[in-house]
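Presented below is the structure to which this report refers.
The values are calculated or read from the model by the stated rules, or taken from the named source; none is laboratory data. Everything numeric here is computed off the predicted structure, so don't read it as measured data. Cβ placement follows ideal geometry from the backbone for every residue including glycine, while neighbour counts extend to all protein chains displayed.
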Amino acid sequence: MQHDFDRIHCPHCRKMYRMSDLVYLDENYTIVHQKCYSPYVIFMVIDRGTYREILDRHESFHELIPKKGTI
């Protein structure tokens, strides 16, 4: 990832994710920091883990995984 537009951010706090951040993935495939998540939303959490674990487990996010030598 060489540019900011290659990265995504939390829709609540607007901070870019770090690979070690704890996140939830909801049924709309929105990634949210666990500390920012509101239990009063209508979307069900389908996965949880670090940002890197979510990227690795879900093929739709594989293009966001940094290539060797780009970090």
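Output the number of residues of the range 36-68 satisfying the condition of being assigned to a loop (DSSP other than H, G, I, E, B), touching a helix residue (DSSP H, G or I) at 6+ places or on another chain (Cβ under 8 Å) and more than 18 Å from Arg7 (Cα to Cα). Of the residues in the range 36-68, 0 are assigned to a loop (DSSP other than H, G, I, E, B), touching a helix residue (DSSP H, G or I) at 6+ places or on another chain (Cβ under 8 Å) and more than 18 Å from Arg7 (Cα to Cα).
If we scan the range 13-24, do we find a residue that is touching a residue at least 12 places away in the same chain (Cβ under 8 Å), more than 12 Å from the chain's Cα centre (by Cα) and part of a strand (DSSP E or B)? Among the residues of the range 13-24, not one is touching a residue at least 12 places away in the same chain (Cβ under 8 Å), more than 12 Å from the chain's Cα centre (by Cα) and part of a strand (DSSP E or B), which makes the answer no. Restricted to the range 42-70, and to residues there that are modelled with pLDDT of 80 or more and aliphatic (A, V, I, L, M), the residue that is surrounded by the fewest Cβ atoms within 10 Å (Cβ to Cβ) is Ile42. Is it the case that the range 16-30 has a residue that's in contact with a Leu (Cβ under 6 Å, 6 or more places away or on another chain) and among the β-branched types (Val, Ile, Thr)? No, every residue in the range 16-30 fails to be in contact with a Leu (Cβ under 6 Å, 6 or more places away or on another chain) and among the β-branched types (Val, Ile, Thr).
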